[in-house]
1. When you go through G61, G49, G44, G35 one by one, which is the residue that is surrounded by 10 or more Cβ atoms within 10 Å (Cβ to Cβ), modelled with pLDDT under 60 and either under 14 Å from the mean Cα position of the chain (by Cα) or not β-branched (V, I, T) (or both)?
2. Search segment 8-27 for residues being without any contact (Cβ under 8 Å) to a residue 40 or more places away in the chain, assigned to a loop (DSSP other than H, G, I, E, B) and of a type in the set (S, T, N, Q), and hand back the single one that is nearest to S45 (Cα to Cα).
3. Please find, among A78, A68, A88, the residue that is at pLDDT below 80 and of a type in the set (G, A, S).
Amino acid sequence: MSRESSASELPQILPGSGINVNTIEELVRSLWPIGGKEFHMSGGSYTEGEMREVGKKDGMGMGEDGKAWKIWRTDANAVKEVKRVIEAVIETIQEQN
């Protein structure tokens, strides 16, 4: 990469941790005008796994807080809600310009 590389050729930092419906508006308002157009989120939470109770014994399992028996699942409604907020904020920004 030459010293005169354009910004699009430079490494990009992708915000991702803690993004949800409560945090996305501020991130979009802050980053969209300066080129931050990508955000990452899982939009999920842990739910009970389908392991039969006979396999679960006290003190058995890996991971913290007993999460070894749980499954991470994406919540489509959480993702849709964040998308709705992003679209509304972008529309507002575009109207102001």
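The values are calculated or read from the model by the stated rules, or taken from the named source; none is laboratory data. Since the model is a prediction, treat every value here as computed from it, not as a measurement. Here the Cβ positions follow ideal geometry from the backbone for every residue, glycine too, while neighbour counts run over all protein chains shown.
1. That would be G61, the only listed residue that is surrounded by 10 or more Cβ atoms within 10 Å (Cβ to Cβ), modelled with pLDDT under 60 and either under 14 Å from the mean Cα position of the chain (by Cα) or not β-branched (V, I, T) (or both).
2. S17
3. Step by step, each of A78, A68, A88 is checked, and only A68 is at pLDDT below 80 and of a type in the set (G, A, S).
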